[in-house]
Structure formats: structure tokens, C-alpha cells
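Every number in this text was worked out from the coordinates using simple rules, so none of it is lab data. Keep in mind it's a predicted model, so treat the numbers as computed, not measured. Don't worry about glycine lacking a Cβ; one is built from the backbone with ideal geometry, like all the others, and counts go over all protein chains shown.
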RNA sequence: GGGCCUAUAGCUCAGUUGGUUAGAGCGCGCGCCUGAUAAGCGCGAGGUCAGUGGUUCAACUCCACUUAGGCCCA
């Protein structure tokens, strides 16, 4: 306890020591141990991919995931924190494919799925070491040993169980999804992959005339950039509310959106025969452009349908719709009962269904199709369209959007449950609940959960392709029972060869694997192998009390947790969620690993410390979903404005405690400063607790800066002399006890936010009976008896008065060192005067005045004027408000006084009854009277008596002398307890100051001999216009303890 | 193209149910203070509250539209 605190501190170095200490005592494990059996606070950790290195986003989320559990632990809860790894999915496959030089699915299958999957397994965890290092360095406590991995057999078995539950509830179905597809690689790509390869291209853009049924020479015009999809056209789509017109063009009539007329008829509008809304066109039939699917007319094809995606930005406002080749097309088609065709093979060549072009690659048919339409007179316009179009990120072929067989979770059936679940979730920031997330839920479509990939959890479906018999397996045990086999691993390469004997014959596995979001969404159950183990465990651990991830998880993890929670248990999967925003670079751009446009997080932590980085992020709006423009300077600022001042306060206490050999003792103190800082402290604790209980981190973190400022720059500064006093009186003990208590409580309250520096300080302050680590302590409770808003207000008013006095001194160029006779504090309000009276000694000392007078007669120093109290008068006066405000502004002193004494004042109003004005209807404003040394702020006015007599002047000089000697001491590097001998040379005019204040000077500077001499070496110093030369030498070295003894 | 968020001093951010001098910190300039401090205190300069329109006696605040940025989706 109270080991010497080095004057120079390196926070990163201290943090390394703390990390070693935590390892040494197993601090994290201990923090869990001491809460064993307590109520649990349930936390779920969202699993990251370990195929990349962690960046600021991870550090930010990790910090949030650390603060709340640390707080709840100190608050007496047991908070299990298991880390998770997302092991499956495309990111892993890409990385591996690149390393192995495998360019498409064919090459992967040639390489061998077993070898491929095992290689994926081999690289999944390659960066876990780096991850652990980062997580550790930022100070996050989390259990890596008992973490979960989505590729583990137990985890995957739980996923099967989840899938089977959905299957049994009838929530799984097979359907088609329009996906980007690479014709060369013969593989569907994810939307993410499609986004990798957008390029500018030129495509033919043609406008085609569709002949309307039962009309003479009347055509609907539709526009497309993919002529090869026209043989698959099954509908035309318009927007309900868009205006469409029939125009006469020669002998034919065309239908198109009115907004597109100018584009199609730039030289003048044709005659408009008829104008209608889109909804009036609904249901009209047209003749198929090609004969291939004419038979589908009976099934609802070749009609005009409506959908919201239709715009008039380009084309004709009537959209050619081929439900097999476009997401919007498929959706609109489904909604209106239009069938779907996809007459192309795996390499995107037309099948026999489109006989004229059979076996030809679809894109190569564009020209022929255009030519044919032209020949048939169905082509009315042809141009080239420049646009950005996705290409395969490997082979650069233009992608083709086409229907792919896919397994879905039927969201429509459980949407009500999902919305009910969301209603029970507390979102930070709040707006996400009904905004982004709520809207997403409302409009959620069925969830495509299968992927045509390899490294993932296989769909547990076996099927007889002939009969359609399909079996869903819900556990490994079930699979083993049905096959007689034994399965230690259920990855795709082990499952594909498994044949199950079904009722209608052998069943073979459906080849797809699950979307890795399905796996992470199943985390609440799968992390503990539920329900195969830990059946009772889930009751106590679902839903989570708290989760935290980035805004990008709205459609990711947050969503899948809610879907599965609602589907399985009709409950939300989490109660509180903190959503963090994105971290941007200093110039407001996205951080990019490739561009290296940001400082390495390790470098930042090793320069300013992890505490500074944590607090910097936590005190930003980024912890409630807004962006953070990150700068290294910001971290430095946090270090300097919070951590460093805290350190200095601590260092101050330890320095003097050592000198005085003070031992911790709890002592109630009645000293106003002590009571004040305790009031501030408990106010702080109350605010922080309120914030953390609701997961509001930002307000919580910023409160510390204000408090620490109060502590160092007012409490300690004002109390300094109480620590210096040589006597060991009660006041000194009270000051020590208070500062000790305040610091100890502060570090406990701050510990979840800045776990390192608080630990360092705590360890040097703790007595042997206290817990070993600050993180093993209880979180401070609010001591109601210490709360004192009245005293806080008194101090606030006192500080205002001091501020005004300092301002007056600076105006008059009267240094604070120069004592003045008196300060006059004026306020009309009794309670303000009482507050100032209570702490007048502080004002006297801060302003260095001999006397403080408090008066009520403010009209002597300020001019009063009145201003309308708009808040009160506005609702009553309405339109007459401005007229009354003008009259109030012109009120004179007498009228204001009369109002203040309770008399009403009748104001004449034009065209209305006179208005009776009362005291509460006005606000008093004050202005300093001209020519007086007076300053006003609100209802406090301060005047300073600047006249000085000779005694005051001498005293001021004496203080200058002390100041000069102290500076020399400091320059010479003397210890605060060293005794000195001083020889000085001055002119006669300054000599009386030395003589009259000899004891004062010697006492202040620990000077044992003070002698005037004729000659003194060294440079002369300017003392407020007087020259003086000092020679100072140390008399003898004294240890601090020796000094303490000597003082006794 | 759609949804959500953001826009306030040079920078980072506050700003209560709408109420009339829009605040703080940092930075800058001047002055002061300092025997814990890498500090601190006082003052000053610095704002068309992104723009336009509307509601209202009164709009940074409420509504509509526009612009710019971000995230997600298409």
C-alpha cells in the first residue's frame, strides 16, 4: 500500500503489468467464482470469422461486450462469457480457394470435397492467436477455453435439431430463388460475391411492342436490356399509381407511361387518345411474343400485372417480366399467380423448350432475337445502354440472374411471433426497434437458408428424387439408428455418401449446406449442445439479458436470433441490445485494410493505453449506432482529460500519505469541501448506475471527465493546504480520509470502463482485507446520506462568484497574488445570498481578499431591466405576445420593484382587455453599471475593492518573493521537503516586505535562514517591477518521514 | 430505387414537453495562477443551427420537400 508513485508514468507499461497480474491471480476466473450461485446476467457473444485480423470495429464491440458484463459482475451477478468462432461459410472457402488456385465448383469437386473441406477446417482458426492477443490487450475478459465453434460436432447436431423443429412445424419448404449465376463456372454466387465484380458494360436496349388481345393495332411498349429473356416473358408489369397514356402513332396505338413520352417522342408529343392509371391496365391480356410457352396462358401468363418496383426512370414504365430471370419479376409473378419458366441448362444454354435456339448460349442469341423481332415488326426502338453490371469475380463472365432451387424458412407464418418478440426488446439506440429493424421485420421475405457450397453444416435432408419422399434427420443418434453407421463428424463429405432406406426406396442426401447465418442464429441453443445436453440450462439462459454488435448486424445476427427464437419458443432471443455504429477514418471515410488509411490499433494502445482507447470509443455516439470519426488525437485527448488527471489525484494522495505516514481510516468529515466532493461522488455513482442499468454507455462514460475535473481542479486544489499543514490535526485526517474514500470509490465506479488504470490505483490503495483486484469488488452503491444537492448548488454559486472576481482582477490587471481589502457579493435573492454566505471563506481565499461582504441592494451596482417570460405568457397571450413583450422591455426600475413586491401592473392592449401583469410574468435582467468594477452573471453580482494601502502592497510583495523562491526550488530540483538557506539582495524599497513578512516567507519556503547581503551571485529576478537576486542552498537532506517527524 | 440514421463554432459533441443572449471541451489570441498536475483559471474571437417551404404569438426543436454523408437492402 502507498508504494511510491513515479512522477513519469507510462500507461501502456502499467497496463502490461496489470495483464501479468491478472494472469497471475486468474482474476477473470476469480471474478466468476465469487459470483457463483448468484443471479445470472446472461450474455451471448456473436461469433466473428477468424479468417481475418481484428480491427477497430471488433475492438469497439469487444469493449462494449466487456463493460456491461464487468459492471453486472461487480453488481453481484454471475456473468458467463463464452467466446464463439464462426467457422463455416464463404469467407473461409474463398480464402482457401485462392490459396489452392481453385477457380470454380468443378475444380473444387475435382480436387475432392473431402480434401477441400478438411483444408477449410485447417485454416479456419489460423488467426485465433492474434484475436486472443487483441482481445486480451484491450482488456476484455472472456472465456476462450469454453468457447464454441460452429464446426464442432455438438454444435452442428444442435443445428440439425433446430432445423428439424422448423421442419416439423412446417416452416421449411423448397422453392426457387433468383440468384446471380456464373454461366462459365456453372455456379450460383451470393449477392456478396456479385457485388465484388461490377463493371461498366454496354447492352442492347430494345423497346418491344406487345399486341393487346382483342384490340385492333394496339400495343403495350416494354423495354429490356436482356433480349434473350424475351422468349421467357410471361407478364408485363405496371405501377398502380403511374399515369399511362394511349397515343396514336400513325395507324397504331401504343400504351406507355406518360412520363416517358418525351424520351420516345422528342420532336413533339403524339396525339393522346386516352389517359389511365396503371391499375386500370391490370388484367389486360396480350399475345405472346414467342410461341414457346403459349400453353401457359391458362395458368395465368400473358397478362398485365402491377408491382411497386416499376419506375419511370427509364424504359417505358411497362416492364417486361420473366419470373425465371429476375428477383422483382419472380416476386411480382408470385403475387399475381403468374407461372415461372427457366428454359436454360447449367451452362446457360437454351433447352429444347426454346427450340429455335436450343443449345446456344443465351447471350449469344441476343442479336438473332432482335433481328427476328424486327422482322416481325415488333421492335419499335433500339439503342445501346451503358450501365454497371455484375461479373464473376473469378472468370469475369457477365452474371446471369436465374432461378435456383433453394430451401426456405417460411417467415410469413412466424412474422407475428417475430414482431411480438421485437416488442419486448430494449434497443440502444431506441429508434432501431421500430425503425430499421422493425421495418425490416415487417417486410421480411422468406429466408433462403441453403447454399450450393461445401464447407458448412449440411442440410439434414434425405430424399428420393423419384417419389419425392423426404426425411429430415434431427440428431446424429437418429441418423445412426436409421443407417447402422457411426458418425463422429457430420460435415458434407461424410454425409453425402450416406444412403437411408426410406419407405419408397433409398433416400440420398440433398446436397446443399446451411447458410452460416442460420448457424450463428442457433447459437443460444447450439453453444451448449441443447437439447442433447444442458436441457435445464437453457431455461435459465434464454433469452440473453444482453448482446452487443455493430449496426451491420441488423439483417444479420440480430435478425437470425429473432427468427429462430420466435420460431422455436415464441420469445425474443435477447432482452437488451447495444448497437454500435461504424468507425470511420479521420477524413470521414471507411477504414480500409487495403488502403491502410488508419493507425494500427496495437500502436494506439501501446502509445496511449487501452484504457484511453476504450474510454475514447465509449464516450462517443458510436455506442448508440452513430458513426465515429476516429483519430489518434482523440485518444490522446481522452488520456489527458480523464486518465492523467485521475492519476495525478492518486499520485497526490500517495505522495502526502507517505510523508505523513497516514494509514487509511474512515472518518466522517463535516468540512464543506469534503461534504461537497462526497455529494458530487454519489451524484456521479447514481448517474453511472442509471446509465449502465439501461445500457447507455456514452452518457455514463462522459460523466467521469466532469467528476475528475471537480476532484482535481476544485476539491484537491482547494484542499491542498489541508494536506500540507504540519500539524496532525483532525481536519488533516478528515481530508485524507475523504480523498482516500473518493479515489477508491471512483476507481471502482470507473473499473468497468477503464479496467487497467483503476486496477493499478486500486492495488496501491487497498488495505489487506480488501479484495485483491478492483474487479473483485462490489460496484459502489449510492450513499443516500452523502447526496446533497443543496451543497452542490452552493458550491456552484460560489464558483460563479469566484469566476466573476477573477474576471474583475484580470480587467484591473490586479494579480491574484496581490491581496485586496474586500469583495462584495450582491444578490437580490435570499437563497443565493445564503449559499454564498455559507462558503464565503472559499471566495475570500480564491480571490485573495481580506473580507467578503454579501449584500442584497443590487440596484447600486447593476441596472435592472425586465424581459417577458415567454414560457409563461405565451400560452396566455397568443397573438398579443409580442406587443406585451415590447411593453415589458420598456418597464422602469420603479415598475419592476412594484411588481416584485407583489403588485399587479395593468398593460393596455390594442383591441383587447388590459392585461394584468404579475411578478412571475417577467424575468429580471441585470447589467453592470458603467464605471464600476462590477461583474454580473445571472442573479449574482460581484464587486471588488481595488484600493490598496501600504500593508496590502507589502503583503503582495511578500507573496511575489515566496513565488520566486519556490520557482528556484523547483528549477533546482529540490524535494518538497528539503530545507533551504536563502541569501538575497534587493533595493531598499523592497526590504520592508522581507522584514515584515519574514516568518511567512520562511514558513512557506521551508527556509531555515533568510539573510540580506550586499553581493549575491546569480541573475536578478523581476518582482513586479522590483529587482531581486536570490542564492539558495539546501541545508541538509531530509527524508519525507524525517520531515514528518521533525514537524511533530 | 427503398428503409433507417446523421448534418449545430476550425474540430469533437450537448441542447429537456417549441419560449427569445444556442452551450461545453479541444484548438487559437490575451491575461492570470501554480511546491500533485503532461496541468488549471478568467476573458476574447469564432454560429445564416445544411437548404427551402409550412404549422405557430414563438421553430435548432414539429411537418413536408431538397441537398450532402453513412449503414443496410434491392
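Descriptive notes on the structure:
- Under the criterion of Cα pairs below 8 Å and six or more residues apart, the relative contact order for region A:400-541 equals 24 percent.
- One Cα centroid belongs to region A:640-691, the other to region A:25-98; the line between them spans 33 Å.
- Kirkwood Rh (inverse of mean 1/r, distinct Cα pairs), region A:648-797, angstrom: 15.8
- Residue A:17 versus residue A:838: modelled label distance in nm, points set 7 Å from Cα along the beta carbon direction: 4.1
- Scaled against 2.2 N^0.38 Å for its residue count N, the alpha carbon radius of gyration of chain A is 1.30.
- Degrees separating the helix A:153-168 axis from the principal Cα axis of chain A, which is the longest one: 60
- Each pair of Cα atoms in region A:717-853 enters the Kirkwood radius, and Stokes-Einstein at 20 °C and 1.002 mPa s then converts it into a translational diffusion coefficient of 119 µm²/s.
- The simple spin-label model puts a point 7 Å past each Cα toward its Cβ; for residue A:335 and residue A:252 those points are separated by 2.9 nm.
- Helix A:128-137 and the long axis of chain A differ in direction by around 30°, with both axes built from C-alpha atoms.
- Using only Cα coordinates, the Kirkwood hydrodynamic radius of region A:96-220 works out to 20.8 Å.
- Rg and Dmax [Cα atoms of region A:964-1024; Å; Rg one decimal, Dmax integer]: 11.6, 32
- Stokes-Einstein D (µm²/s) once Rh is taken as the Kirkwood radius of region A:905-950 over alpha-carbon pairs, at 4 °C in 1.567 mPa s: 90
- Gyration tensor over the Cα atoms of region A:487-571: the corresponding equivalent ellipsoid has semi-axes (square roots of 5 times the eigenvalues, largest first) of 30, 17, 12 Å.
- Between residue A:693 and residue A:115, the contour length at 0.36 nm per residue exceeds the Cα-Cα span by 203.1 nm.
- Taking max minus min of the alpha-carbon positions on each principal axis, region A:37-153 gives extents of 57, 29, 17 Å, largest first.
- Contact order relative to length of chain A, as percent, for alpha carbon pairs under 8 angstrom and 6 or more apart: 11
- With the largest listed first and rounded to whole Å, the semi-axes of the equivalent ellipsoid of region A:789-875 from the Cα gyration tensor are 27, 16, 12.
- Measuring between their Cα centroids, region A:915-929 and region A:502-524 lie 77 Å from each other.
- Region A:109-184 and region A:322-345 have Cα centres spaced 32 Å apart.
- Using a cutoff of 8 angstrom between alpha carbon atoms and counting only pairs six or more residues apart, the relative contact order for region A:225-291 works out to 41 percent.
- Taking only the C-alpha atoms of region A:233-284, Rg followed by Dmax gives 11.4, 33 Å.
- A Förster distance of 45 Å, applied to the separation of the beta-carbon atoms of residue A:991 and residue A:671, puts the FRET efficiency at 0.70.
- Within region A:819-836, backbone nitrogen closer than 19 Å to the virtual label 7 Å beyond the Cα of residue A:952 toward Cβ: A:819-826
- Cα-based helix-to-principal-axis angle, A:789-811 vs chain A, degrees rounded to 10: 70
- Chain A, helix-only ellipticity at 222 nm - DSSP H runs n ≥ 4, -39,500 (n - 2.57), divided by all residues, nearest 500: -12000 deg cm²/dmol
- Shown is the FRET efficiency for residue A:416 and residue A:297, computed with R0 = 41 Å from the Cβ-Cβ distance and rounded to the nearest 0.05: 0.65.
- With coordinates expressed along the principal axes, the C-alpha atoms belonging to region A:29-105 extend over 55, 24, 17 Å, beginning with the largest.
- Per the Kirkwood formula applied to alpha carbons, region A:375-534 shows a radius of gyration over Rh ratio, Rg over Rh, of 1.10.
- Taking 7 Å steps out from each Cα toward its Cβ at residue A:627 and residue A:599 produces label points 2.1 nm apart.
- Length, then width, then depth: along the principal axes, the Cα atoms of region A:252-353 run 47, 27, 27 Å.
- Percent antiparallel among DSSP beta bridges (both partners in chain A, rounded to 5): 70
- Gyration tensor analysis over the Cα atoms of region A:455-514 returns equivalent ellipsoid semi-axes of 17, 14, 9 Å (largest first, whole Å).
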